[in-house]
1. Of these, SER259, SER166, SER193, which one is in contact with a Gly (Cβ under 6 Å, 6 or more places away or on another chain), among the small types (Gly, Ala, Ser) and either open to solvent by 50 Å² or more (accessible area, probe 1.4 Å) or farther than 19 Å from VAL34 by Cβ (or both)?
2. Give the range 287-305 a look and list any residue that's within 25 Å of LEU134 (Cα to Cα) and in a loop (DSSP other than H, G, I, E, B), or say none.
3. Checking HIS127 against (1) farther than 17 Å from GLY283 by Cβ; (2) touching a residue at least 40 places away in the same chain (Cβ under 8 Å): exactly one of these is not met. Which one?
4. Return yes when THR91 is under 15 Å from GLU68 (Cα atoms), open to solvent by 10 Å² or more (accessible area, probe 1.4 Å) and not small (Gly, Ala, Ser) and no when it is not.
5. Checking the condition farther than 12 Å from LEU134 by Cα, open to solvent by 60 Å² or more (accessible area, probe 1.4 Å) and of a type in the set (D, E, K, R), which residue from GLU315, GLU324, GLU308 passes?
6. For the range 144-182, give me each residue that is among the hydroxyl-bearing types (Ser, Thr, Tyr) and touching a strand residue (DSSP E or B) at 6+ places or on another chain (Cβ under 6 Å).
7. In this structure, is PHE45 under 30 Å from TRP333 (Cα atoms) and within 19 Å of the chain's Cα centre (by Cα)?
8. Scan the range 233-244 and report the pairs whose first residue is among the charged types (D, E, K, R) and whose second residue is crowded, with 22+ Cβ neighbours inside 10 Å, with Cβ atoms within less than 8 Å and a gap of 6+ or a chain change.
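The values are calculated or read from the model by the stated rules, or taken from the named source; none is laboratory data. The shown structure was predicted, so the numbers you read here are calculated from the model rather than taken from an experiment. Every residue, glycine among them, receives a Cβ derived from its backbone with ideal geometry; neighbour counts consider all protein chains shown. Calculation scope for accessible area: heavy atoms of the full protein, side chains included, ligands and nucleic acids excluded. Shrake-Rupley method; radii C 1.70, N 1.55, O 1.52, S 1.80 Å.
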Amino acid sequence: MLNPDDYLNHLYNNLNDETSQALKKPWNERKAEVRSKLLESLGEFPETSSELNPVVRERIDKGDHYLERVSYTTDINLQVTAFVLIPKRLTGRAPTVLAWHGHGYGSREIVGLQPDGTTDYGAPGIHQHFALKLVQRGMIVVAPEIIGFGDRRLSADKEKDPKKNSSCYSLASRLLLYGKTLAGLRIYEAIRSLDYLLTREDVDLERIGCMGFSGGGLIASLASALDVRIKATVICAFTSTFRGSLLAMNHCIDNYMPSILPYADLPELIGLIAPRALFVESGIEDPLFPVASVQEACVKLQEIYHTEGIGGKFEVDLFPGKHEVSGRKSYDWLARQLKA
């Protein structure tokens, strides 16, 4: 065959016998190894943590909440900027959600702002300004700018339209030369973002949640899988099987992790979140994460949650829509889980 399609199918269909046997083991026997292989696939994390040195750069009264712009250090020469949305009616430490945007112009897109920082009065788009929906339910929301988007693009990309341009490919390809992955760096920064929450006097450390859309769903799912400080997670437009989505069509390179497939499928990586609470939502007409693949992944996740003895901690909403945030059930579900 001149085209490599059959070759790729052969690779998938002929995973070695050792892998086939490993996948047949009961989940409780595999869970620790799946977690270990995930960490290995993500690449090296820094051996020591840099001082966070958090700074509040701006605080604005937005009517029903305050909007802060903060920054903190995640590693040498790496700083995260983030929006923090704080409900006005707080009387003590509050439940808090880490909110991860997908591909687009960055964290401004989920907090109701245009790329230039002005208020977005138009239709909210596929992100649905979901950070605003969460703060309206009494939760603090921290929305970090993911490396490679918006203000955190490489200097060569900064003059390009942020709605159409990211630095994902350049960052991912260069990090590979150092034995690192872009997914791994983003997960590490998510864990450091959790560390940042520990520095805030308004955050209830026992009521921390996470919500992510699309590429932000990868961060929400894998950060939650690896860090038990996250008590409840919402994944929008990302849950699927590898074969049903990432192997079936072109996706951004930031979704791919080396050598993981012989050891675990995507729903098993997400399943590491169990026994903590998980909500999956996906549009039934999403072309990037087809509904059949989502349903297959959710069957596996339900099996994992039943194995853990907490089937009621896993919920799904397949809503009428495409590649977008819905929130019709997930916003209130997250508020209930965190007792907002």
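1. One residue alone meets the criteria, SER166.
2. Hit for the range 287-305 is PHE289, nothing else.
3. It fails just one condition, (1).
4. no
5. GLU315
6. THR181
7. It is false that PHE45 is under 30 Å from TRP333 (Cα atoms) and within 19 Å of the chain's Cα centre (by Cα).
8. Hits for this filter: ARG243/SER293.
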